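The values are calculated or read from the model by the stated rules, or taken from the named source; none is laboratory data. Since the structure is predicted, the reported quantities are computational estimates derived from the model, not experimental observations. Here the Cβ is made from the backbone with ideal geometry for all residues, glycine too, and neighbour counts use every protein chain on show. Remember, those area values only see protein heavy atoms, side chains included, never the ligands or the DNA or RNA. Shrake-Rupley method; radii C 1.70, N 1.55, O 1.52, S 1.80 Å.
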Amino acid sequence: MATKRRPTETLQSMLALEERLDYQDRAVAGGLDIYLRNVLRDGEQRQFFTRIVAALPKDGYAALSPEERKAWAGRVQSALRPGASPRATKRPPPSPPPEASASPEPAPVPKRSKSARRPPAPTFSNDDPLSSDVSVLGRIVPISRKALTSLGIETVYDLLWHLPRRYEDWRNVRTISEALEGIELTIVGEIASIDVKYLRGGRTATEAVVRDGSGSLRVWWWSQPYLSRTLRPGMRVGLSGKIGIRGRQLQMESPEWERLDDPEDDTVHVGRLSPVYPRTKGLPNRTLRRLAHAAVRDYLPMLAESLPPQVMAEEQFPSEADALRMIHFPEQLEEVEVAKERIAFQELLSIQLAVLSRKREARRRADAPPIPMSGDFLDRFLGALPFQLTGAQQRVLTEIRNDMFRREPMARLLQGDVGSGKTVVAAAAMLAAVRAGHQTVLMAPTEVLASQHYETFQHLFAGKEYSAGEQLWYDFNLAPALGRPVRMALLTGSVRAPRKRQIHQEMESGMLDLVVGTHALIQESASFNNLGLAVVDEQHRFGVLQRDALRKGSSPHLLVMTATPIPRTLALTVYGELDSSVIDELPPGRQRVRTQIVEPSQREEIVYQRIRDEARLGRQSFVICPLVDESDKLEAEAATEQYEFLRSGPLRELASRIRLLHGRMSSDDKRAVMSDLANGNADVLVSTIVVEVGVDVPNATVMAIEGADRFGLAQLHQLRGRVGRSNLESVCYLISDTDVEQSQRRLELMAQTSNGFELAEADLEMRGPGEYFGTRQSGLPELRVAKLTDHRTLNLARNWANRMLDDDPHLRAPEHRLLRARAENLNVSGATAVH
């Protein structure tokens, strides 16, 4: 077998051929720079090649004259001789131009922390140019350096991935003599004079005269007096705007402007589509643009390609380096779209590789306990229920039954609208686990919800009286399906220490069959003897690492439940390692909740009157406020103030039957409030969004949401789901006087549809994945280009991820090296995905 030649050996042959061709740069098709760039991307002997490339001018070997090429080639060949030091080829970088210390431009983008996520960088060696400090690109004043750090920009690689958010068109460069009234153009000239004019009414105008050798032009900026200090006579500037006329003189009014401190600035800032970057105070856009231009020119050719050749060939994507170049400094806007499509695919491919690797790894383990759910058991379970399961519940129960019978650990996401019957399906699976000799656990995000689940299981498994809608079940229990009582415990943060220690001991000994709890379940001291099934309710309230911690290092089956409808694209990303089941059918007899947008001035005649009428009929109402404490910023009523206002004002006749619930109350006080609601001792509950999840009051028929425009669609849908849980006619009032167009659109959508999945898709589109659940802790990495509403690209990425993992399950092939690194660095599902 022939030995593969090293890149330096190939380079020696190329330089010998260059010598025979009189250094005309014809030894390599397309020029020697292409070969140098490819070697730097591949990484072999990178240190040497980085040094010899550093000895070339900025535009590479092609920019040299034949004599200069000969001299450079001679130095390289000398460095390649045994014992020679390759450092001889290195030359100092040119001194960068001085940079203005600050700019009065407004800073539209707020600061974000140093740890703000951008696409994970490949693992750099110490001499990798892309890991160089961003200061190698030119002088950076301290205030700008601090601002760069706040944006997470510390290396050249960071800067290359700090992408423009829009572009200004500075392509139409003309001379002043070509200016005509009504046309838009860009001119480059020198400021002859500049001064501030004081006008009537306290207004100011900054007037400048600009010359370019072909003529002069008067320029005006209104109410920007600082420009007379920023732009001074003798300074070169680029101006872009529309030509007008005043009297008989042409003028340019309020144009965009750029200082051109260096001749090179003419190509960086004007005569092109000029990028505008996300930035922060102390970081002028021109500084970012100058640094980005240097990074693209000098370092981007060294960026290694992340996508395998097969993907590049089949999808006809531009290279990663070309895509970033087109995004930073495009020739045409059409280039930007082509480049963004490639980068979006790359981002989504990394996510899909992460979640699918995790999913496949779990299945490869095959160490979960098979849990049978026999027909006899199911007949007895279903026969003990005072109602029939819907078709959707039966279908989902069959899917869970099939999963749990296998040794591969079940990992299933169970979605269903509020009141669709997820809990009874989970109860069947949990009882089957206990019947098979295993322990089972349910973790809920709040003590209120955990207590409610525990109470439900007590009624189901221990025969206590239980109210559900218009039905009252007596001596109802599923113990016959098991053959004995279920040993249960509730473990929350408020459980006293002696009882907590007892529960921990009984969990570890195997004495307990079923435990319901909150985050207290994942404490280090809480462990199970033989966990067979873990159920997580309202998954989006937990980090995925918390969900994994619940498994306690074992491989139980996992059922994740949520009443928050999840768009398909999020189901393939945030929950990409989970199989999905949907209960898309409500129990018979349920009525659609009517939803109405109400102006604050209509509270008395519409909302409060309806609450009083419902109370006279023995029914209950919710009044929801966004915050516990008053906040001018959110312009929302505080729950505590609203509670006192209603008791002393519009609902004073119900004062003794109004209760308050918020997250700062003690667990005992919360339980007392919930008990009053359940027992009919309260007519109205004033609450924060603590009732968003899990509060079950079947007799409630009115939901009034103050400041409804402050909530996302998913939250509003959850809150609306707290009513309409029986056959009683129910209504949801959205109280808002917002004039913000997007907020109005959100409320109108709520009033028009009760389909949670339609609302979820709209919510994702409007607010983005990071805010979809009302929290930034969604488990998603920050996406620079890709959108999770892009179904086509997401499906394409998922298909490619499956193909790659079929051929290379651990992504160990050289062409998958960078994708593997990206997947491992992603925080998708909170764990390293590729093993």
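Quick grid of which residues meet (1) aromatic (Phe, Trp, Tyr); (2) free of Cβ contacts under 8 Å to residues at least 40 places away in the same chain; (3) under 17 Å from Arg272 (Cα atoms); (4) surrounded by 15 or more Cβ atoms within 10 Å (Cβ to Cβ):
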site	(1), (2), (3), (4)
Gly152	no, no, no, yes
Ser177	no, yes, no, no
Ile183	no, no, no, no
Asp195	no, yes, no, no
Gly201	no, yes, no, no
Ala205	no, yes, no, yes
Trp222	yes, yes, no, no
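Any residue in the range 50-70 that is of a type in the set (Val, Ile, Thr) sitting within a Cβ distance under 6 Å of a residue that is open to solvent by less than 60 Å² (accessible area, probe 1.4 Å) and part of a helix (DSSP H, G or I)? List the pairs, counting only those 6 or more apart or interchain.
From the range 50-70, the pairs are Thr50/Pro129; Ile52/Val76; Ile52/Thr89; Val53/Leu36.
Take the residues of the range 744-758 that are part of a helix (DSSP H, G or I) and at pLDDT below 85: which is farthest from Ser420 (Cα to Cα)?
Glu758
Scan the range 503-523 and give yes if some residue there is farther than 17 Å from Arg435 by Cβ, modelled with pLDDT of 90 or more and charged (D, E, K, R), otherwise no.
Looking through the range 503-523, at least one residue is farther than 17 Å from Arg435 by Cβ, modelled with pLDDT of 90 or more and charged (D, E, K, R).
Considering only the range 275-287, I want to know if a residue exists there that is buried (at least 21 other Cβ atoms within 10 Å of the Cβ) and over 29 Å from Thr186 (Cα atoms).
Among the residues of the range 275-287, not one is buried (at least 21 other Cβ atoms within 10 Å of the Cβ) and over 29 Å from Thr186 (Cα atoms), which makes the answer no.
Take Ala313 and tell me if it is open to solvent by 10 Å² or more (accessible area, probe 1.4 Å), assigned to a helix (DSSP H, G or I), without any contact (Cβ under 8 Å) to a residue 40 or more places away in the chain and over 30 Å from Ser580 (Cβ atoms).
In short, yes.
Being out of contact with any helix residue (DSSP H, G or I) (no Cβ under 8 Å at 6 or more places or on another chain), at pLDDT 75 or above, open to solvent by less than 70 Å² (accessible area, probe 1.4 Å) and not aliphatic (A, V, I, L, M) is the filter here, so list the residues in the range 1-44 that pass it.
Once the filter is applied, which keeps residues that are out of contact with any helix residue (DSSP H, G or I) (no Cβ under 8 Å at 6 or more places or on another chain), at pLDDT 75 or above, open to solvent by less than 70 Å² (accessible area, probe 1.4 Å) and not aliphatic (A, V, I, L, M), the range 1-44 yields only Ser13.
Taking interchain pairs and intrachain pairs at least six residues apart, which have beta carbon atoms under 8 angstrom, with the first residue in the range 720-737 and closer than 13 Å to Glu614 by Cβ and the second among the aromatic types (Phe, Trp, Tyr) and open to solvent by less than 10 Å² (accessible area, probe 1.4 Å)?
Listed pairs, sorted by first residue: Val723/Phe622.
Looking at the range 88-103, can you tell me whether even one residue there is modelled with pLDDT of 90 or more and either touching a Cys at 6+ places or on another chain (Cβ under 7 Å) or assigned to a helix (DSSP H, G or I) (or both)?
No.
Do we find a residue being closer than 30 Å to Leu728 by Cα and either polar (S, T, N, Q) or open to solvent by 20 Å² or more (accessible area, probe 1.4 Å) (or both) anywhere in the range 394-408?
yes
What are the residues in the range 224-239 that are under 12 Å from Gly189 (Cβ atoms) and open to solvent by less than 30 Å² (accessible area, probe 1.4 Å), if any?
Leu231, Val237, Gly238, Leu239
Could you say which residue among Pro556, Pro588, Pro600 is farther than 30 Å from Gln744 by Cβ and over 31 Å from the mean Cα position of the chain (by Cα)?
Among Pro556, Pro588, Pro600, only Pro588 is farther than 30 Å from Gln744 by Cβ and over 31 Å from the mean Cα position of the chain (by Cα).
When the residues of the range 712-751 are filtered to those that are β-branched (Val, Ile, Thr) and either open to solvent by less than 10 Å² (accessible area, probe 1.4 Å) or in contact with a strand residue (DSSP E or B) (Cβ under 9 Å, 6 or more places away or on another chain) (or both), which remaining residue is farthest from Glu599 (Cα to Cα)?
The extreme case among them is Val723.
Tell me, please, whether a residue that is part of a helix (DSSP H, G or I), modelled with pLDDT under 70 and within 30 Å of Arg139 (Cβ to Cβ) can be found in the range 50-71.
No, the range 50-71 contains no residue that is part of a helix (DSSP H, G or I), modelled with pLDDT under 70 and within 30 Å of Arg139 (Cβ to Cβ).
Quick check, is Ser555 at pLDDT 80 or above, open to solvent by 10 Å² or more (accessible area, probe 1.4 Å) and out of contact with any Phe, Trp or Tyr (no Cβ under 9 Å at 6 or more places or on another chain)?
Yes.
Only one of these is in contact with a helix residue (DSSP H, G or I) (Cβ under 8 Å, 6 or more places away or on another chain) and open to solvent by 50 Å² or more (accessible area, probe 1.4 Å): Glu253, Glu331, Glu305, Glu335. Name it.
The match here is Glu305.
Take Gly391 and decide whether it is surrounded by fewer than 15 Cβ atoms within 10 Å (Cβ to Cβ) and under 23 Å from Arg725 (Cα atoms).
Judged against the criteria, Gly391 is a match.
Cβ-Cβ distance below 8 Å, separation of 6 or more or different chains: which pairs start in the range 423-437 with a residue that is open to solvent by 10 Å² or more (accessible area, probe 1.4 Å) and end on one that is of a type in the set (A, V, I, L, M, F, W, C) and assigned to a loop (DSSP other than H, G, I, E, B)?
Between residues of the range 423-437 that are open to solvent by 10 Å² or more (accessible area, probe 1.4 Å) and residues that are of a type in the set (A, V, I, L, M, F, W, C) and assigned to a loop (DSSP other than H, G, I, E, B), the close pairs are Val424/Leu385; Val424/Leu389; Ala436/Ile371.
Can you tell me which residues in the range 645-668 are closer than 20 Å to Val607 by Cβ, open to solvent by less than 30 Å² (accessible area, probe 1.4 Å) and in a helix (DSSP H, G or I)?
Correct list: Leu646, Leu654, Ala655.
Ile243 passes all but one of (1) at pLDDT 85 or above; (2) open to solvent by 60 Å² or more (accessible area, probe 1.4 Å); which number fails?
It fails just one condition, (2).
Suppose we filter Glu585, Glu604, Glu599 for residues that are touching a Pro at 6+ places or on another chain (Cβ under 8 Å) and open to solvent by 70 Å² or more (accessible area, probe 1.4 Å); which single one remains?
Glu604
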